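K.L.:
A single structure is presented below for examination.
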Amino acid sequence: MKKKIRTELGKVRGLGSAHKGTEHFWVQNLTSWLNIPLLIFFIILMILLAGEDYSTIHARLSHPVILVFMVLMVFSNLYHMKLEMQVVIEDYIPHKIIRMFFLILNISYCCLMGSLIIFALLKIALGV
C-alpha cells in the first residue's frame, strides 16, 4: 500500500506532481547534448563563409546535407530554449494568468523565430 504524503494546503490547491518532470528533464538533456555538435558545425560553417559573396553562400547552403544540419540546429536550439524558458516561467511567475500568458508567448516566439529562420534558409538554398 502506498503512503501519500501531501499537506492539507496542497490537497486544497490541487497542487502536486504532474508526472512529467522526468520526461521534460530527459528531453532537455537530449537537446543540450544534440546542440553541441550542431553548434560546432554551425560555428565552423560561419567561419568558412565569413567574407564570402552571396553566390558562394548560396552554393554551400544549397547542399542538402548542410541544409539539413542547419534546419536541425534551428529546431534543436529553439526547442531547447522553449524548454528552458518554460522551466523559468513555471518556477518564478506565481500568478496563474500571467504565467499562462508568458508560456503562450514563449511558444509563439519560438514558433515565429523557427518559421522565419527556416524560411530564410530555404529561400537562400532554393535561390528564390
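K.L.:
Just checking, which of Ser76, Ser62 is hydroxyl-bearing (Ser, Thr, Tyr), surrounded by 12 or more Cβ atoms within 10 Å (Cβ to Cβ), touching a Gly at 6+ places or on another chain (Cβ under 8 Å) and in contact (Cβ under 8 Å) with a residue 24 or more places away in the chain?
P.N.:
None of the other options fit; the residue is Ser62.
K.L.:
Against the condition touching a helix residue (DSSP H, G or I) at 6+ places or on another chain (Cβ under 6 Å) and either modelled with pLDDT of 95 or more or surrounded by 15 or more Cβ atoms within 10 Å (Cβ to Cβ) (or both), how does Leu49 come out, does it pass?
P.N.:
Judged against the criteria, Leu49 is not a match.
K.L.:
Same structure, new question: Checking the structure you have, find out if any residue of the range 106-114 is in contact with a helix residue (DSSP H, G or I) (Cβ under 6 Å, 6 or more places away or on another chain), under 20 Å from Glu23 (Cβ atoms) and modelled with pLDDT of 95 or more.
P.N.:
yes
K.L.:
What pairs come up if the first residue lies in the range 84-96 and is free of Cβ contacts under 8 Å to residues at least 60 places away in the same chain, the second is loosely packed, with under 14 Cβ neighbours inside 10 Å and outside any helix (DSSP H, G or I), and their beta carbons are under 6 Å apart, counting only those six or more places apart or on different chains?
P.N.:
none
K.L.:
Return the residue satisfying two criteria in turn: it lies in the range 92-109 and is of a type in the set (A, V, I, L, M) and part of a helix (DSSP H, G or I), and of such residues it is nearest to the chain's Cα centre (by Cα). Walk me through how you get there before you give the answer.
P.N.:
Looking only at the range 92-109, we keep the residues that are of a type in the set (A, V, I, L, M), and these are 93, 97-98, 100, 103-105, 107.
Next, from what is left, pick out any that are part of a helix (DSSP H, G or I): 97-98, 100, 103-105, 107.
Working: Ile97: 23, Ile98: 21, Met100: 18, Leu103: 13, Ile104: 14, Leu105: 14, Ile107: 9 Å.
Only one residue fits best here, namely Ile107.
The values are calculated or read from the model by the stated rules, or taken from the named source; none is laboratory data. Model, not experiment: these values are computed from the prediction. Please note: Cβ atoms are built from the backbone with ideal geometry, for glycine as well, and neighbour counts cover all protein chains shown.
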